[in-house]
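Below: the structure, in structure tokens.
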Amino acid sequence: MSGEFRLLIARLIANSQDLSEKLEVAKEDLARHGLRLAMAEMLDFCGNVLELELPEGDPALLRMLLDKHFTPSDLLVAERDITIPHVFVSDMDSTIISAECIDELADFAGIKPQIAAITERAMQGELDFESALRERVSLLRDLPESAIAECLETRIAAMPGAGTLVATLKEKGCRTILVTGGFHQFADPVAGQLGFERVVANRLEVDQGVLTGGLVGSITDSGVKKAVLLEEMESLGAWAVSLAAGDGANDIPMLEAATFGMAFRAKPKARAASDGWIDRGDLTSILQLLGIPSADWVTR
């Protein structure tokens, strides 16, 4: 994400019933804030996506004004042509899957409220991620390892559109990586189910069939998430385009480093740091904002 002022492109999905009326009001507000709209039209190949083009302006201001007039919306604002990415790096919990794995695992130990409260504060950016993670994991000590398999089977489900998003991007030649502050014991099966090509995660320590309350190896935190994205980009070259998706504070460095950083049903700090958001639709809205028509989607 850049602070330079240059050509801006915004793609927006909002309520179609009053879209024209809201657009006229938004145009006047944009003009009052010095944002000159050069073009506004529906994409031919993605009929419910409105594309706006501005010769110059502040992308953060544009996002704020569009949010003001079109909430709830799905939105992407870019300072370059919007193209299919070469690399997709995504968070897992509450982004690709509909749960926070550690919270659901804690439910088996009868301590979900205590752990969920810590999780929420960490997601909001109020706690240091590593300290919060180690504190929560320590509370799982002596939980049977079998609870992981049971949790996967009964509590963990893919977000609507996740399989189609990953499969379609792969079909278009995009490399897909799942990077999470959660655990390999959950992320590996999820990645296998959805088709992610690489997984970066933490690992719960297990001894004689029970959790020890510790972790094995280094911590996957916000810095690691960003480093994974940059590493993948470097392997392709300076020309490569990246897409990142996440929802919490520990996703912010990754979202900021990506060509297109997308906040999915995100916490306020992550949403504010992103190039766009999905607040209205499911994960296939990302495909629409990228300009991939539904006829080209690989449905899963």
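The values are calculated or read from the model by the stated rules, or taken from the named source; none is laboratory data. Every value quoted in this text rests on a predicted model; they were computed, and no experiment measured them. Here Cβ is always computed from backbone atoms with ideal geometry, including for glycine, and neighbour counts include all displayed protein chains. When the accessible area is computed, the model is the full protein with side chains, heavy atoms only, and any ligands, DNA or RNA have been set aside. Shrake-Rupley method; radii C 1.70, N 1.55, O 1.52, S 1.80 Å.
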So what's Rg/Rh here for the stretch 131-262, counting alpha carbon atoms and using the Kirkwood radius for Rh?
0.99
Distance between Cα centroids, the stretch 212-283 to the stretch 137-208: provide it in whole Å.
16 Å
Residues other than Ser235 with Cβ under 14 Å of its Cβ, Lys/Arg counted +1 and Asp/Glu -1, net out at -2
May I ask for the percentage of alpha-carbon pairs in the stretch 102-183 that lie more than 22 Å from each other?
40 percent
With every protein chain left in place, what is the accessible area of Arg155 in Å² (1.4 Å probe, nearest 10)?
80 Å²
Within the accessible area of the chain, what % is carbon and sulfur when the probe is 1.4 Å and the other protein chains stay in place?
48 percent
When every protein chain stays in place and a 1.4 Å probe is rolled, Trp297, Trp239 sorted by accessible area with the largest first are Trp239, Trp297
Probe 1.4 Å, heavy atoms of protein chains only: per residue, the accessible area of the chain in Å² is 42 Å²
If packing is taken as the mean number of other Cβ atoms within 10 Å per residue, what is the order of 183-195, 139-151, 257-269, highest first?
257-269, 183-195, 139-151
Report the relative contact order of the stretch 37-128, percent, no decimals, based on alpha-carbon pairs under 8 angstrom and at least 6 residues apart.
12 percent
Give me the percent of Cα-Cα pairs in the stretch 189-231 that sit more than 13 Å apart, rounded to a whole number.
66 percent
Helix-derived [θ] at 222 nm for the chain: sum -39500 (n - 2.57) over DSSP H runs of at least 4, divide by residue count, nearest 500?
-11500 deg cm²/dmol
Exposure ranking of Met92, Met39 by accessible area [1.4 Å probe, largest first]:
Met39, Met92
The relative contact order of the stretch 13-166, taking Cα pairs under 8 Å that sit 6 or more residues apart, comes to a percentage of 19 percent
List, in order, the whole-Hz ³J(HN,Hα) value for each residue of the stretch 283-297 obtained from phi through the Karplus relation with A = 6.51, B = -1.76, C = 1.60 and θ = phi - 60°; use x for Gly and Pro.
5, 5, 4, 4, 4, 5, 5, 6, x, 9, x, 4, 5, 9, 6
Provide the three semi-axes, in whole Å and in decreasing order, of the ellipsoid equivalent to the chain as defined by the square roots of 5 times the Cα gyration tensor eigenvalues.
36, 19, 18
Taking only C-alpha pairs under 8 Å that are 6+ residues apart, what is the relative contact order of the chain in percent?
22 percent
Radius of gyration and maximum dimension Dmax of the stretch 206-300, Cα, Å:
16.5, 50
Applying a 10 Å radius around every beta-carbon, put 281-290, 71-80, 58-67 in order of their mean neighbour count, most first.
281-290, 71-80, 58-67
State the percent of C-alpha pairs, over all pairs in the stretch 45-141, separated by a distance greater than 16 angstrom.
71 percent
After finding the eigenvalues of the alpha carbon gyration tensor for the stretch 257-296, what semi-axes result from the square roots of 5 times each, listed largest first in whole Å?
20, 12, 5
Suppose we keep just the DSSP beta bridges with both residues in the chain; what percent of those would be antiparallel, to 5?
50 percent
